[in-house]
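The values are calculated or read from the model by the stated rules, or taken from the named source; none is laboratory data. Just so it is clear, the model here is predicted, and its values are computed rather than measured. All Cβ positions, glycine included, derive from the backbone under ideal geometry; neighbour counts span all protein chains shown.
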Amino acid sequence: MNGRYITAIFLCLMLFLNIFISISNTHTNDFLEDDNVEFNSYDYEIYYQNVEFLSGEQLHVELYDIIRNHTVISYSSVWDHLREVDEDPLNNVNVILFYMQRSQSENDTCGDGNECTSQSWNREHVWPKSHGDFGTSMTKVAGTDLHSLRPVDNTVNSARSDKDFGNATDSHWECIECESSTDYWEPSEISKGDAARSVFYMDVRYNGYGNEPNLSLVNGTTQPSSIDGYLGDLCTLYDWHLTDPVSPYEINRNNEIFDIQGNRNPFIDNENFVQEIWGNICEIQDSGSDMDNDGFLDSEDICPEENSIGFDLNLDGCLDDTDGDGVTDNLDIFPLNHSESHDSDLDGIGDNSDAFPNNPLETKDSDSDGVGDNADKFPNDSSEWIDTDSDGIGDNSDAFPLDPLENIDSDSDGVGDNSDMFPFDNLESIDSDLDGVGDNADKFPNDSSEWIDTDSDGIGDNSDAFPLDPLENIDSDSDGVGDNSDIFPLDSKRYELENSNNPVLILIFTVILVTFVIMRSKL
């Protein structure tokens, strides 16, 4: 009996344990099936720590600051990333095609060299590239952002083209859940909220910084533009967001993109952000109000927060930009000239072509010397701009900028060539007696007949009969003996006779005579 009793107890315990495990597994599977969310390192409180109590434009700006610096991927890598983030949860070799939610083989691609068929899929830009002209270059970022890229059936991708989102009436032959019209594309009910949150993200993420496009959601229809990155219809998308809330699939996709790009779609993380930013536009619209007081009801106004009075010829509620330069006419000083928009100095010349945009007295600098033509005395000579003495020679090349009579000093002696009698001799500049010899070298600067005094006797060589004898300078009788030593300066012949009575000669003659007499007496 004891053995049977123990066995019965053991079997009962095993039965209860099995039931407990089964119940636990059932609840776990239900949780995973219902939520299907992959948890990662993302922490809402940390990621969005600065947005509490913000709304409107302040929230718009803060969310931009949070999500803007993400990792940019190449357009060619998008194929593999879409295979990952849009994987069919029930078939890991398939992707879920956006708009129509069809499961398709991940390898049935079109646009990567494979043949395009009605069953193949392509990369869909939920915000069309032509609405902002951002292409797929990594430098412009927006064209490779996974938050706005989805796998879409090839023919559906073509049918959507670059239309605005809005309520339409004609079904697509393949995506029978979708509607289309001339201006609008309406995806399936299960995709509407996803599409709305994708373009809400793009509106916040791209505001024209650097090479990035400036994207804005507006009411009404828009046109492709390389300047204005507009897409409609804002308030229809707002309604889609409310009627098609965030799904577990969408949350999981946001998490996986966060792992790849490093940024998140805030409107998936917090659906209320949409109302905080655009609610004042789309909810007030129902009352028939005109928030910007421009005469257009918000429901008809493409730019409901932009007063367009006086600058809206096409009556769309937006400020016109007639010349298409990106500056609205109300701010454009030159609304008909696409190359100009501002005139900072109000001189009538646009800043782009004004060499001196902050100087109303100048507009041109023909010689590019930094001095405007109006103030530049030499507007076509980049080396000159001032002529202080008004002599026609610029100060930079004028050796005498304050003397209108001089401008060159060839010998650099400090005397201008015009008044320098010796312009190429830096030792001379004046010739007072005009004898061709400068005063500095002329011993007789005021006597045009003299300039040298070789024997330094004060008599010029030209009039000095003895230029090498400082004791003589005149020979009145031209006998070769200077007047100072000539006893008969006016008688050239007597100079010789007197020479014979010279005491020395007489003495010599006397000695010779005495000697002769003595010698003769001895004989």
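Observations on the structure shown:
- When we screen Val246, Val274 for residues that are at pLDDT 95 or above, more than 21 Å from Asp298 (Cβ to Cβ) and either touching a Phe, Trp or Tyr at 6+ places or on another chain (Cβ under 6 Å) or not in a helix (DSSP H, G or I) (or both), the only hit is Val246.
- Failed item, numbered, when Tyr238 is tested on (1) more than 27 Å from Tyr47 (Cβ to Cβ); (2) among the hydroxyl-bearing types (Ser, Thr, Tyr); (3) touching a Cys at 6+ places or on another chain (Cβ under 6 Å): (1)
- Within the stretch 462-490, considering residues that are more than 25 Å from Trp451 (Cβ to Cβ) and β-branched (Val, Ile, Thr), the one surrounded by the most Cβ atoms within 10 Å (Cβ to Cβ): Val481
- Within the stretch 56-67, residues that are farther than 13 Å from Tyr206 by Cβ reach partners that are part of a helix (DSSP H, G or I) and of a type outside the set (S, T, N, Q) with beta carbons closer than 6 Å, at six or more positions or on different chains, in the pairs Leu59/Glu276; Leu59/Ile277.
- Each residue in the stretch 89-106 was checked for being among the polar types (S, T, N, Q) and either free of Cβ contacts under 8 Å to residues at least 12 places away in the same chain or touching a Cys at 6+ places or on another chain (Cβ under 7 Å) (or both), and 1 of them qualify.
- Residue that is modelled with the lowest pLDDT [pool: residues in the stretch 205-242 that are of a type in the set (A, V, I, L, M) and within 22 Å of Gly317 (Cβ to Cβ)]: Ile227
- Residue list for the stretch 389-442, restricted to those being exposed (fewer than 15 other Cβ atoms within 10 Å of the Cβ) and under 26 Å from Gly370 (Cβ atoms): Ser390, Gly392, Asn396, Ser397, Leu402
- Search result, residues across the stretch 207-258 that are hydroxyl-bearing (Ser, Thr, Tyr) and loosely packed, with under 15 Cβ neighbours inside 10 Å: Tyr209, Ser225, Ser226, Thr243, Ser247
- Qualifying residue in the stretch 292-312 (condition: at pLDDT below 85, in contact with a Cys (Cβ under 7 Å, 6 or more places away or on another chain) and of a type in the set (A, V, I, L, M)): yes
- Evaluated against (1) surrounded by fewer than 16 Cβ atoms within 10 Å (Cβ to Cβ); (2) aromatic (Phe, Trp, Tyr); (3) modelled with pLDDT of 95 or more, Tyr64 falls short on exactly one condition, (1).
- Screening the stretch 138-162 for residues that are farther than 22 Å from Arg264 by Cβ and in contact (Cβ under 8 Å) with a residue 60 or more places away in the chain and picking the one that is surrounded by the most Cβ atoms within 10 Å (Cβ to Cβ) gives Arg160.
- The stretch 77-105 - residue that is among the hydrophobic types (A, V, I, L, M, F, W, C) and assigned to a strand (DSSP E or B) and, of those, surrounded by the most Cβ atoms within 10 Å (Cβ to Cβ): Val95
- In the stretch 346-369, the residues that are free of Cβ contacts under 8 Å to residues at least 24 places away in the same chain and within 24 Å of Leu331 (Cβ to Cβ) reach residues that are basic (Lys, Arg) and assigned to a loop (DSSP other than H, G, I, E, B) with C-beta atoms within less than 9 angstrom, at least six apart or across chains, in these pairs: Ile349/Lys364; Asp354/Lys364; Ala355/Lys364; Phe356/Lys364.
- Boolean, Gly324 is modelled with pLDDT under 90, touching a His at 6+ places or on another chain (Cβ under 6 Å) and either more than 27 Å from Asp43 (Cβ to Cβ) or part of a helix (DSSP H, G or I) (or both): yes
- Of all residues making up the stretch 163-198, the number that are more than 20 Å from Gln104 (Cβ to Cβ), out of contact with any strand residue (DSSP E or B) (no Cβ under 8 Å at 6 or more places or on another chain), buried (at least 18 other Cβ atoms within 10 Å of the Cβ) and of a type in the set (Ser, Thr, Tyr): 0
- Residue match in the stretch 372-388 (condition: within 30 Å of Asp347 (Cα to Cα), out of contact with any His (no Cβ under 9 Å at 6 or more places or on another chain) and of a type in the set (Lys, Arg)): yes
- Some residue of the stretch 121-134 being among the aromatic types (Phe, Trp, Tyr), assigned to a strand (DSSP E or B) and more than 27 Å from the chain's Cα centre (by Cα): yes
- Qualifying residue in the stretch 458-470 (condition: among the aromatic types (Phe, Trp, Tyr) and either within 30 Å of Asp389 (Cα to Cα) or in contact with a Leu (Cβ under 6 Å, 6 or more places away or on another chain) (or both)): no
- For the stretch 303-358, a tally of residues being among the aliphatic types (A, V, I, L, M), surrounded by 14 or more Cβ atoms within 10 Å (Cβ to Cβ) and more than 25 Å from the chain's Cα centre (by Cα) returns 1.
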